[in-house]
Amino acid sequence: MLADQQILRIPGPTPIPPSVQRAMAQPMIGHRGQSTSDLLARIRPKLKRVFGTEQEVIILTGSGTAGLETAVVNAVAPGEEVLVIVTGAFGDRFVKICKAYQIPTHVLQVEWGKALDPELVKVFLQEHPGITAVFSTYCETSTGVLNPIQQLAAAIKEVSEALVIVDGVSCVGGVETKMDGWGIDILVTGSQKAFMLPAGLSFVAASERAWRKIEANPQPRFYLDLKSHRNNLEKNTTPFTPALSILFGLEQALELMEEEGLEEVYSRHTLMMKMTRAAFAAHGIPLLTAEADASPTVTAVKPADFDAEAFRKVMKAEFGISMAGGQQQLTGQIFRIGHMGYCSAADVLQIVSAIEIGLMKIGKMIELGKGTGAAQQVYLDERVGQQ
Ligand SMILES: *Cc1c(COP(=O)(O)O)cnc(C)c1O
């Protein structure tokens with residue numbers, strides 16, 4: 001194994017494209033100078049396209065969780081009731097943030113590995129008319145589920161005035177997102193997942209009606225106050241020193257997405273999901289999520305007859321391949337493969353064929369090449385026939 005080869009297949013941080021890496025190596029500039037303003041002016045419209053919004057996308061310095069906390073402190077007034085839909089560890093994070101601010105928090109628990117059901121949310125809201133905000137997770141990274149956010153937003157709006165607040169950290173930039181069209185009120189994402197950057201930036205956008213709420217909200221906040229960020233960003237500046245190196249990278253990452261075309265970015269992610277799933281299906285190895293609930297950005301595998309942790313160790317030792325384990329109640333029961341951001345069908349073929357060796361090494365007898373062949377067939381069916 002190459003001493004310095006790292007094959008990063010966890011669901012964030014994700015690999016960084018060489019051109020983004022080079023952009024981030026630029027010498028530092030002054031954050032109050034014209035170059036920074038020009039940079040922000042170029043980034044703003046591109047970020048809006050990825051979010052599917054006409055609203056300003058605020059750029060915060062902080063990891064994704066800073067964006068989640070920003071949503072909570074800006075959108076919820078003291079004493080207001082909220083609902084958090086928990087489909088895994090990241091839904092649970094919203095619960096923890098709300099509780100830290102002593103917000104009366106209802107929790108709708110969904111079995112981990114399954115997607116939320118918008119109809120159940122509707123019923124819950126009808127039974128609890130005091131709820132002013134509903135928090136949910138677009139891709140639940142801990143289980144590999146992609147929740148039906150468009151349907152959820154529509155269902156909430158049928159019965160309630162509650163704000164629809166979505167954590168899109170592990171999929172915005174990798175799956176189609178139409179914030180305005182779907183009626184999402186606050187959408188949050190981060191830099192180190194599908195955006196192909198290091199951790200350190202968080203992006204937050206709010207709808208018109210969310211902005212009205214934010215402007216009237218007496219909840220104290222300072223660094224995370226969206227109003228001051230928006231006032232500054234409209235003048236192509238930031239209230240505090242931004243993470244300039246990551247902004248250099250962000251411009252290039254957005255450039256790469258546009259060069260490829262957002263539609264193609266999304267279909268590449270779907271293809272990678274299908275190839276990954278087909279490889280495990282060919283070996284009869286169970287996946288945690290059903291096809292209909294699966295996220296294009298991360299796949300969770302739930303082995304029935306081998307140890308997930310031992311398998312991850314073998315993959316790391318043998319090939320330098322990092323995969324993620326389970327979180328919280330799924331610890332030791334699953335492993336997760338990230339296929340988002342700077343990741344292609346060729347990378348998936350590398351992973352699934354290395355995985356076959358890893359399986360043999362931990363004593364699971366399989367037919368070598370069967371999973372790789374299944375992934376190859378998906379590629380041929382989806383891509384080669386089209387050309
Ligand atoms: C990674 C992630 C976050 C943010 O985590 P940080 O470590 O704070 O960047 C939030 N939500 C989801 C769904 C994630 O995958």
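So which residues in the stretch 1-31 are among the polar types (S, T, N, Q), assigned to a helix (DSSP H, G or I) and open to solvent by 90 Å² or more (accessible area, probe 1.4 Å)? First the steps, then the outcome.
Narrowing the stretch 1-31 to residues among the polar types (S, T, N, Q): 5-6, 14, 19, 21, 26.
Of the ones still in play, those that are also assigned to a helix (DSSP H, G or I) are 19, 21.
Q21 - this is the single residue of the stretch 1-31 that is among the polar types (S, T, N, Q), assigned to a helix (DSSP H, G or I) and open to solvent by 90 Å² or more (accessible area, probe 1.4 Å).
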*May I ask you to verify whether K48 is surrounded by fewer than 19 Cβ atoms within 10 Å (Cβ to Cβ) and within 15 Å of the ligand (Cβ to nearest atom)?*
no
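Table: residues versus (1) under 24 Å from I131 (Cβ atoms); (2) assigned by TED's automatic domain parsing to the domain that holds L247; (3) polar (S, T, N, Q); (4) touching a strand residue (DSSP E or B) at 6+ places or on another chain (Cβ under 8 Å).
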| residue | (1), (2), (3), (4) |
| --- | --- |
| T36 | no, yes, yes, no |
| L39 | no, yes, no, no |
| R49 | no, yes, no, no |
| Q55 | yes, yes, yes, yes |
| T61 | no, yes, yes, yes |
| G67 | yes, yes, no, yes |
| L83 | yes, yes, no, yes |
*Looking at the stretch 149-169, which of the residues that are under 17 Å from H128 (Cα atoms) and either of a type in the set (F, W, Y) or part of a strand (DSSP E or B) (or both) is nearest to the ligand (Cβ to nearest atom)?*
V164
*A304 passes all but one of (1) under 24 Å from the mean Cα position of the chain (by Cα); (2) over 16 Å from G358 (Cβ atoms); which number fails?*
(1)
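Return the only residue of K193, K227 being under 30 Å from L288 (Cβ atoms) and either open to solvent by 30 Å² or more (accessible area, probe 1.4 Å) or out of contact with any His (no Cβ under 6 Å at 6 or more places or on another chain) (or both).
Working: K227 fails: under 30 Å from L288 (Cβ atoms).
One residue alone meets the criteria, K193.
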*May I ask you to say which residue of V134, V169 is surrounded by 24 or more Cβ atoms within 10 Å (Cβ to Cβ), closer than 12 Å to D185 by Cα and of a type in the set (V, I, T)?*
V134
*Run V95 past the list (1) in a helix (DSSP H, G or I); (2) buried (at least 20 other Cβ atoms within 10 Å of the Cβ); (3) not polar (S, T, N, Q) and report the number of the one that doesn't hold.*
(2)
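The values are calculated or read from the model by the stated rules, or taken from the named source; none is laboratory data. Quick caveat, the model's predicted, so the values are computed rather than measured. Note that we place each Cβ from the backbone using ideal geometry, even for glycine, and neighbour counts take in every protein chain shown. In case anyone asks, the SASA skips ligands and DNA or RNA and just uses the protein heavy atoms, side chains included. Shrake-Rupley method; radii C 1.70, N 1.55, O 1.52, S 1.80 Å.
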